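The values are calculated or read from the model by the stated rules, or taken from the named source; none is laboratory data. None of these values were measured; they are calculated from a predicted model. Using ideal geometry, Cβ is built from the backbone for each residue, glycine included, and neighbour counts are taken over all protein chains shown. Heavy atoms of the whole protein, side chains included, go into the accessibility calculation; ligands, DNA and RNA do not. Shrake-Rupley method; radii C 1.70, N 1.55, O 1.52, S 1.80 Å.
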Amino acid sequence: MKGKIQIYDIKMTKTIENLNKELETIRAGRANPHILNKIKVNYYGVETSIQQVANITIPEARIIQIQPWESALIKEITQAIQTSDLGIYPNTDGKVIRLIFPELTEERRKELVKDVKKKGEAAKISIRNIRRDANDAFKKLEKENVSEDEINKLGEEVQKLTDKYIKDVEQRIEEKSKKILTV
């Protein structure tokens, strides 16, 4: 029976991992290279992440510097950043691209916190859906002559998992929101 619970534990863990990746892409006032993770450029006909075609450094707290390995990619990377939802206009000198992050306004910080909460709520919904799927699967076990007590025990175990992961999501949302609101 433990194996049946473990499947749902793994699914909920993946939900938390996905939430972490999404939260990494939200900037909290400082330059963070993870915000570039979702941006792809055309590299010899293949959609490739910027990290795979350039060296990314953070020379100062609010600047990301991108140095492509091939100078022909500067135009591609600049266009990709401009069309993304970063809201930052890239500066280039022909060799290096610089992204200068302005100080976040209080209004922008509040918007980012709302976004964090939306992502957290989506993760909670995902975890609850996994719980529902687990309970549906356990109800089907009645047909396989599994006792009602065992099915109830499985349901309780999944509920404990659900509570644990929902608490984890709430903690991550709170931490990220504090980071964003800290001036």
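Numerical summary
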quantity	calculated
Test item: Cα-centred dipole of the chain, Lys/Arg +1 and Asp/Glu -1 on Cβ, debye	220 debye
FRET E, pair N55, D85, Förster distance 30 Å, beta-carbon r, rounded to 0.05	0.80
Computed over region 144-183, Kirkwood Rh from alpha-carbon pairs, angstrom	12.5 Å
Accessible area of E148 in the full protein assembly, 1.4 Å probe (Å², nearest 10)	120 Å²
Calculated Rg and Dmax of region 48-135 using C-alpha coordinates, Å	18.1, 58
Rounded, prolate or oblate (a/c below 1.5 giving rounded, otherwise prolate when a/b exceeds b/c) for region 1-52 by Cα gyration tensor	oblate
Per residue accessible area in Å² of the chain, where ligands, DNA and RNA are left out and the probe is 1.4 Å	63 Å²
Heavy-atom accessible area order for Y44, Y8, largest first, 1.4 Å probe	Y44, Y8
Area accessible to solvent at R108, 1.4 Å probe radius, in Å²	80 Å²
Overall Cα dimensions of region 93-178 - principal axes, largest extent first, Å	71, 31, 14
Rel. contact order, % - alpha carbon contacts under 8 angstrom, at least six apart, region 1-151	21 percent
Rounded FRET efficiency, nearest 0.05, which uses the C-beta distance separating K14 from Q159 and R0 of 22 Å	0.70
Residue with peak Gaussian network fluctuation, the chain [Cα springs, cutoff 10 Å], from K95, K167, K140	K140
Kirkwood hydrodynamic radius of region 29-87, Cα pairs, Å	11.7 Å
Share of carbon and sulfur in the accessible heavy-atom surface of region 1-146 [1.4 Å probe, %]	48 percent
C-alpha long axis of helix 2-24 to longest principal axis of the chain, angle in °	20 degrees
With DNA, RNA and ligands ignored, accessible area of S71 (1.4 Å probe; Å², nearest 10)	90 Å²
On Cα atoms only, tilt of 73-83 relative to the major axis of the chain in degrees	60 degrees
Residue-span extension gain [K143 to Q67] - 0.36 nm each, minus C-alpha spacing	21.2 nm
